[in-house]
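The values are calculated or read from the model by the stated rules, or taken from the named source; none is laboratory data. Because the structure is predicted, anything quoted here is derived from the model rather than measured. Here the Cβ positions follow ideal geometry from the backbone for every residue, glycine too, while neighbour counts run over all protein chains shown. Side chains included, ligands, DNA and RNA excluded: accessible areas come from the protein's heavy atoms. Shrake-Rupley method; radii C 1.70, N 1.55, O 1.52, S 1.80 Å.
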Amino acid sequence: SLLEPIATRIAGLPAAQRAVFEAIALAEPLPLHAASHLAGVGVLGQLESAGFIELVAEPSHATVRLSDPLYGVAVRQHLGPLAVRDAAERAAVVLSERSVGRDAWRAACLRLEHDLPMSRDEAAEAARTALTLQDPELALRFVAEAGDDVDVLLMRGSAHANLGNVAAAEEPLRLAIATAADLGIRARAVSRLANSLITAGGRFRDAIELIESELSQMPDPRWREFLRADLVYA
């Protein structure tokens, strides 16, 4: 097939170059700083000279990409499952080094895609990002790895609410309301549940009763105003 000569060429790389190339293939585009941590600039330069990778200048940073997308297809098809996991883990580790922003998000996605372990904090932060990106299904996959803290309950409920699954959203949101020590989380859980009851369930009376009950117990004037806005909407 078309991929056989490509796979043969990749297999002929020296071990150090092949290990770096496989990690790049699974995680591209890889920020230059992360790619450099894999094996140093020397190996990257050798791969570039051989035509396997190229440096692309982005508006805010430089990235390393495969010179041909078929290289990535060949790596995924000709590596065994354990080798794929190993290459993905190498890429995720270097992406996690800064543990913030886009690199941390992409590291978490790699870990999720390849069933690699991640910390609860990493999973929770990735779930928040997925919700911000309006991908509730992906958020739920991360939430499953994030434990059962109250903010995780809020995210689980929010993701189900975004999907229109009122019954699935109601349980974690009511639990978040009942267990939240932080008034802000409690108010947001009430708001999310009330809006879900209205928009996806048509349960206006239930939403109004929920908000009125919480307003009667809310001591913080800022969050009282927040909930009053939901009451007006309901």
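When region 60-105 is examined, which residues are found to be at pLDDT 90 or above, of a type in the set (D, E, K, R) and under 17 Å from H37 (Cα atoms)? Hits for region 60-105 are R65, D86, E89, R90.
Do we find that A88 is in a helix (DSSP H, G or I) and open to solvent by less than 30 Å² (accessible area, probe 1.4 Å) in this structure? The answer is yes for A88.
Residue-by-condition table, conditions (1) in a helix (DSSP H, G or I); (2) farther than 18 Å from R224 by Cβ; (3) not small (G, A, S):
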site: D148; (1), (2), (3): no, yes, yes
site: L153; (1), (2), (3): yes, yes, yes
site: A169; (1), (2), (3): yes, yes, no
site: L175; (1), (2), (3): yes, yes, yes
site: I185; (1), (2), (3): yes, no, yes
site: V190; (1), (2), (3): yes, no, yes
site: A194; (1), (2), (3): yes, no, no
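Answer with yes or no whether S60 is in a loop (DSSP other than H, G, I, E, B), under 25 Å from the mean Cα position of the chain (by Cα) and on the phi < 0 side of the Ramachandran plot. So S60 fits the description; yes.
Per the listing A104, A34, the residue uniquely within 22 Å of the chain's Cα centre (by Cα) and either part of a loop (DSSP other than H, G, I, E, B) or surrounded by 20 or more Cβ atoms within 10 Å (Cβ to Cβ) (or both) is A34.
Considering only region 155-167, state which residues are part of a helix (DSSP H, G or I), of a type in the set (S, T, N, Q) and open to solvent by 50 Å² or more (accessible area, probe 1.4 Å).
As a first pass, look at region 155-167 and keep what is part of a helix (DSSP H, G or I): 155-162, 166-167.
From what is left, the residues that are of a type in the set (S, T, N, Q) are 158, 162.
Residue satisfying the conditions is N162 alone.
Once region 200-220 is narrowed to residues that are out of contact with any helix residue (DSSP H, G or I) (no Cβ under 8 Å at 6 or more places or on another chain) and in a helix (DSSP H, G or I), the residue that is most open to solvent (accessible area, probe 1.4 Å) is R205.
Listed by first and then second residue, the pairs with beta-carbon distance under 8 Å, at least 6 apart or on different chains, first residue in region 209-234 and more than 19 Å from D182 (Cβ to Cβ) and modelled with pLDDT under 95, second acidic (D, E) and open to solvent by 20 Å² or more (accessible area, probe 1.4 Å), are L231/E212.
All conditions but one from (1) surrounded by 13 or more Cβ atoms within 10 Å (Cβ to Cβ); (2) assigned to a helix (DSSP H, G or I); (3) of a type in the set (S, T, N, Q) apply to T8; the one that does not is (1). Identify the residue in region 59-84 that is touching a residue at least 12 places away in the same chain (Cβ under 8 Å) and more than 20 Å from T8 (Cβ to Cβ) and, among all such residues, is most open to solvent (accessible area, probe 1.4 Å). Across region 59-84, the extreme among qualifying residues is R65. Filter region 37-57 down to residues that are without any contact (Cβ under 8 Å) to a residue 40 or more places away in the chain, part of a helix (DSSP H, G or I) and among the aliphatic types (A, V, I, L, M) and give me whichever is surrounded by the fewest Cβ atoms within 10 Å (Cβ to Cβ). Step by step, filter region 37-57, then rank; the result is V41.
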